[in-house]
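One structure is given below, encoded as structure tokens.
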Amino acid sequence: MGGALLDGWLASPTPPRLVILDRHRTGSDDAITVVRTAAEIPAGFKPDIIVLAVKPAAAEIMIDAIGKALGPRMSNAAILSVMAGRTCAALSDAARLAGADIPVLRAMPNTPSAVGAGISGLYAAPSATPEQKSICHDLLFAVGDVVPVEKEADLSVVTAISGSGPAYVFLLAELLEKAGQQHGLSPTIARRLARGTIYGAGRMLDDLPDSAEDLRKAVTSPNGTTAAALAVLMKSDAWPETVPKAIDAATKRADELAG
């Protein structure tokens, strides 16, 4: 997720000033400084926001390393976590152990952020200042849309809907491609048709004020081809049952990661 955000930030018209801590990435330029360890963070760098995009199990280790490297410079920052599960309280405790009593904000972006088409749920702990909220909002808005949520617990559902959601759409594209090939289309044609259809439908959802239900009905002529397909997909044991089950499973897993 951190890589997707970085790609989106660097492609935006006004990329933020960034110091990237990534042992796999190399090279620096005017927009970014890349370091391989926290100890290499430039001595004069005073971050406004520390974006935490690591595996949840490594969060405390990373916060401790950043705290040792920054020292007092960490005290004016806030943490923006893009990890699933780890709560503001747990990350705040880790920051205090690292010597900084600082606010934590949590976001759940998704991978389309890499192409500037992401959407992020954003929660801010009560201790976050208006300026810190604004900076985090602007960082996420630079790579897509931002939806503030009032309760931290809502992020589990955000994770299930939009954080994991691109995978559901990619699965649909994959299945449409395979079905096209099974019916005799070449792989190239099947892929173009599947991807173009999903892109076009997404544009309509984004551009038009109509509800998804109304758009579906407008495409579905009585006794036509679309109606025949939807009669299969909308059986009680098909999408109306399996999609909610999938979201339930993803939400439950996000809650489990939160401990």
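The values are calculated or read from the model by the stated rules, or taken from the named source; none is laboratory data. Not measured: the values here are computed from a predicted model. Because the Cβ atoms are built from the backbone with ideal geometry, glycine has one as well, and the counts that use them run over all protein chains shown.
Considering region 47-70 alone, what residues qualify as being closer than 21 Å to Ala160 by Cα and either touching a residue at least 60 places away in the same chain (Cβ under 8 Å) or in a helix (DSSP H, G or I) (or both)?
The answer is Pro56, Ala57.
Hey, among Pro240, Pro209, Pro222, Pro244, which residue is without any contact (Cβ under 8 Å) to a residue 24 or more places away in the chain, closer than 19 Å to Ile161 by Cβ and surrounded by fewer than 11 Cβ atoms within 10 Å (Cβ to Cβ)?
Pro244
Is one or more of the residues making up region 208-224 touching a Phe, Trp or Tyr at 6+ places or on another chain (Cβ under 6 Å) and over 21 Å from Gly118 (Cα atoms)?
Looking for residues that are touching a Phe, Trp or Tyr at 6+ places or on another chain (Cβ under 6 Å) and over 21 Å from Gly118 (Cα atoms), one finds none in region 208-224, hence no.
Looking only at residues in region 57-68 that are out of contact with any strand residue (DSSP E or B) (no Cβ under 9 Å at 6 or more places or on another chain) and surrounded by fewer than 19 Cβ atoms within 10 Å (Cβ to Cβ), which one is modelled with the lowest pLDDT?
The qualifying residue modelled with the lowest pLDDT is Ala57.
Of a type in the set (Ser, Thr, Tyr) and either in a loop (DSSP other than H, G, I, E, B) or on the phi > 0 side of the Ramachandran plot (or both), is that true of Thr26?
yes
Would you pick out the residues in region 91-116 that are under 26 Å from Gly165 (Cα atoms) and not hydroxyl-bearing (Ser, Thr, Tyr)?
Leu91, Val104, Leu105, Arg106, Ala107, Met108, Pro109, Asn110, Pro112, Ala114, Val115, Gly116 - these are the residues of region 91-116 that are under 26 Å from Gly165 (Cα atoms) and not hydroxyl-bearing (Ser, Thr, Tyr).
Can you tell which of Arg106, Arg73 is closer than 21 Å to Leu18 by Cα, among the charged types (D, E, K, R) and part of a strand (DSSP E or B)?
Answer to the check: Arg106.
So the check is Cβ under 6 Å with 6+ separation or different chains; which pairs have a first residue in region 132-144 that's under 21 Å from Asp206 (Cα atoms) and a second one that's surrounded by fewer than 17 Cβ atoms within 10 Å (Cβ to Cβ)?
These pairs meet every condition: Ala142/Ser12; Val143/Gly116; Gly144/Ala117.
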